[in-house]
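Read the structure below first, then the notes.
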Amino acid sequence: MIYPVLLCGGSGTRLWPLSRQSFPKQFAQLLGEESLFQASARRLSGPGLAPPLVVTSDQFRFIVTEQLGAIGLPAAATLIEPDPRNTAPAILCAALWLHERDPDALMLVAPSDHVIPDQAEFLRAAEAALPAAKAGQLVTFGIAPSRAETGYGYLELAAGSSPAATLPQALSRFIEKPGPAEAEAMLAAGTFLWNAGIFLFSAEAIIAAFEQHAPDMAGPAGEALRQSSTDLGFTRMAVSSWTKLPNISIDYAIMEKASNLVVMPYGGSWSDLGSWDAVWQESGPDPIGNVMSGKVLALDCRQSLLRSEADGLELVAIGLDGIVAVATPDAVLVARKGDAQRVKEAVDLLKARKVKQATEFSRDHRPWGWFESLAIGPRFQVKRIVVKPGAALSLQSHLHRSEHWVVVQGTARVTVDGEVRLLAENESTYIRQGAIHRLENPGETPVILIEVQTGSYLGEDDIIRYDDAYARN
């Protein structure tokens with residue numbers, strides 16, 4: 001049995017404004033009807049593959065559960081990182097969790113935001129690497145490069161190894177993201193592969209590698225799991241131990257030091273969708289090189305990516321060549337495709353200016369559904385709130401605001417100071433400041449309501465929770 005481990009963190013900066021810290025790219029529908037996370041989980045499923053073990057953060061735990069449930073692939077477990085610490089701590093904790101339950105566990109570790117269209121071909125490559133993993137070797141997957149890409153790290157094969165081999169090969173070294181000239185030289189040499197960040201090894205072998213090459217991590221990681229707590233099926237690593245772990249990638253911590261490392265060449269299509277240029281490439285440009293999504297009108301445009309990500313928002317492009325234009329309700333990106341790698345730089349500058357759009361969407365996803373701000377003034381805010389069937393907000397009160405609710409779709413169950421009533425479409429209620437209240441959806445279709453908040457302070461932290469189905473503090 002192979003245990004898929006899906007790494008599901010990320011800061012969501014490289015595909016801004018569609019991907020942001022509050023809802024990074026793995027959860028977005030960038031290509032097709034499924035999110036990248038759902039496509040990754042589906043790809044690593046089938047005979048001989050256990051349900052996935054997901055490592056993610058607290059803010060994404062319900063998104064993970066919802067998206068896996070939507071495709072009928074519930075997780076074996078979801079480990080919650082108290083804060084992001086890169087891939088090494090996440091992989092070590094996953095290995096310790098699996099080893100405790102199956103000492104012979106084999107782990108297929110993959111980021112949850114990559115694109116690999118051919119599931120069968122990828123699983124054949126993983127199967128070819130199984131004997132090496134069973135023998136205690138650490139297998140990393142390398143992608144046959146199709147261009148001189150400067151956005152990826154590279155793997156240099158050892159002398160006598162072949163990038164077209166169908167079995168794991170000896171590896172010489174890891175190479176950081178190169179400049180254009182170096183990337184061209186490596187492509188021409190034919191002895192280099194892209195570093196995919198995908199691994200296959202036994203839990204026992206990777207734990208031993210940490211004990212040898214990063215011994216300072218083994219103790220805190222073990223403590224973080226032993227002292228972990230469980231709520232609603234999620235396993236929360238203990239904060240006090242987790243914070244002792246360094247912020248370091250698995251490559252730096254282990255792979256660049258290990259002597260039992262081999263690389264499995266993979267010649268199929270692959271992308272980490274690390275830039276809008278990569279999205280353009282993977283989306284299949286039309287005969288004149290354009291990729292369009294949403295309500296877009298393009299006149300005399302070529303080699304461009306044009307996306308409108310909002311209902312009712314028309315994106316009109318005229319005379320563009322080699323341009324990325326992505327329009328969302330609260331932010332617009334316009335850049336040359338060749339500068340797509342600089343989006344992170346722009347997001348960092350927005351963060352420094354404390355611009356909300358740098359990290360947050362106007363639509364805020366919650367375990368019970370979502371809401372978005374429609375209008376904000378000095379002492380008021382108007383929201384659209386959507387509650388999923390069977391879901392309920394916490395029993396709560398506010399110190400600084402009152403709320404008016406108008407149901408525009410479905411039937412809501414409303415509790416105000418102990419009084420319970422049903423509100424049908426076109427009915428409303430008033431929640432006075434300080435009233436203890438709850439909103440529920442007892443039906444089988446989403447409830448949509450318009451909320452008007454009035455008061456001296458309208459922040460999301462003005463909330464006292466008395467009871468919550470999602471165990472939020």
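The values are calculated or read from the model by the stated rules, or taken from the named source; none is laboratory data. What you see is a predicted model, and the numbers here were worked out from it, not measured in a lab. Note that we place each Cβ from the backbone using ideal geometry, even for glycine, and neighbour counts take in every protein chain shown. Quick note on the areas: whole protein, heavy atoms, side chains included, nothing else; ligands and nucleic acids left out. Shrake-Rupley method; radii C 1.70, N 1.55, O 1.52, S 1.80 Å.
Checking each residue in segment 331-343 for being surrounded by 16 or more Cβ atoms within 10 Å (Cβ to Cβ) and within 14 Å of Pro17 (Cα to Cα) picks out Ala331, Leu333, Ala335, Ala340, Gln341, Val343. Annotation for segment 371-387: no member residue is touching a residue at least 24 places away in the same chain (Cβ under 8 Å), in contact with a Leu (Cβ under 9 Å, 6 or more places away or on another chain), buried (at least 17 other Cβ atoms within 10 Å of the Cβ) and more than 30 Å from Gly434 (Cβ to Cβ). Across segment 123-180, which residue is nearest to Leu273 (Cα to Cα) among those that are polar (S, T, N, Q) and under 25 Å from the mean Cα position of the chain (by Cα)? Looking at residues that are polar (S, T, N, Q) and under 25 Å from the mean Cα position of the chain (by Cα), I get Thr150. Annotation: of all residues in segment 1-39 being in a helix (DSSP H, G or I) and closer than 24 Å to Leu232 by Cα, the one that is nearest to the chain's Cα centre (by Cα) is Gln26.
Would you check if there is a residue in segment 300-323 being loosely packed, with under 15 Cβ neighbours inside 10 Å and among the basic types (Lys, Arg)? Among the residues of segment 300-323, not one is loosely packed, with under 15 Cβ neighbours inside 10 Å and among the basic types (Lys, Arg), which makes the answer no. Against the conditions (1) at pLDDT below 95; (2) closer than 30 Å to Leu31 by Cβ, where does Asp231 fall short? Just the number, please. The failed condition is (2). Among the strands (runs of 3 or more DSSP E) confined to segment 181-239, the ones with at least 3 residues that are within 30 Å of Pro74 (Cβ to Cβ) and open to solvent by 20 Å² or more (accessible area, probe 1.4 Å) are located at 229-231. Selection of segment 101-125 for residues being over 23 Å from Leu36 (Cβ atoms) and touching a residue at least 60 places away in the same chain (Cβ under 8 Å) yields Asp102, Pro103, Asp104, Ala105, Leu106. The requirement of being open to solvent by 30 Å² or more (accessible area, probe 1.4 Å), assigned to a loop (DSSP other than H, G, I, E, B) and closer than 30 Å to Ser229 by Cα is fulfilled somewhere in segment 428-440, by at least one residue.
Picking from residues in segment 168-180 that are open to solvent by 40 Å² or more (accessible area, probe 1.4 Å) and in contact (Cβ under 8 Å) with a residue 60 or more places away in the chain, the one that is nearest to Asp339 (Cα to Cα) is Arg173. Gly46 satisfies every condition listed in (1) over 21 Å from Leu232 (Cα atoms); (2) out of contact with any Pro (no Cβ under 7 Å at 6 or more places or on another chain); (3) open to solvent by less than 20 Å² (accessible area, probe 1.4 Å); (4) not in a helix (DSSP H, G or I) except (3). Restricting Ala75, Ala144, Ala129, Ala95 to residues that are within 24 Å of Ser11 (Cα to Cα) and touching a Pro at 6+ places or on another chain (Cβ under 8 Å) narrows the list to Ala75. Screening segment 294-336 for strands (runs of 3 or more DSSP E) wholly inside it with 1 or more residues that are within 16 Å of Ser362 (Cα to Cα) returns the ranges 305-308, 323-327, 332-336.
Checked against the criterion of being more than 26 Å from Leu232 (Cα to Cα), touching a Phe, Trp or Tyr at 6+ places or on another chain (Cβ under 7 Å), in contact (Cβ under 8 Å) with a residue 12 or more places away in the chain and of a type outside the set (S, T, N, Q), segment 451-471 has at least one qualifying residue. One residue alone among Ala352, Ala358 is of a type in the set (Gly, Ala, Ser), closer than 16 Å to Gln21 by Cβ and open to solvent by 60 Å² or more (accessible area, probe 1.4 Å), and that residue is Ala352. The residues listed here are Phe361, Phe380, Phe371; of these, the one that is under 25 Å from the mean Cα position of the chain (by Cα), over 15 Å from Leu449 (Cα atoms) and of a type in the set (Phe, Trp, Tyr) is Phe361. Taking segment 351-421 as the region of interest, the strands (runs of 3 or more DSSP E) fully inside it that hold 2 or more residues being touching a Pro at 6+ places or on another chain (Cβ under 9 Å) are 369-376, 380-387, 412-416.
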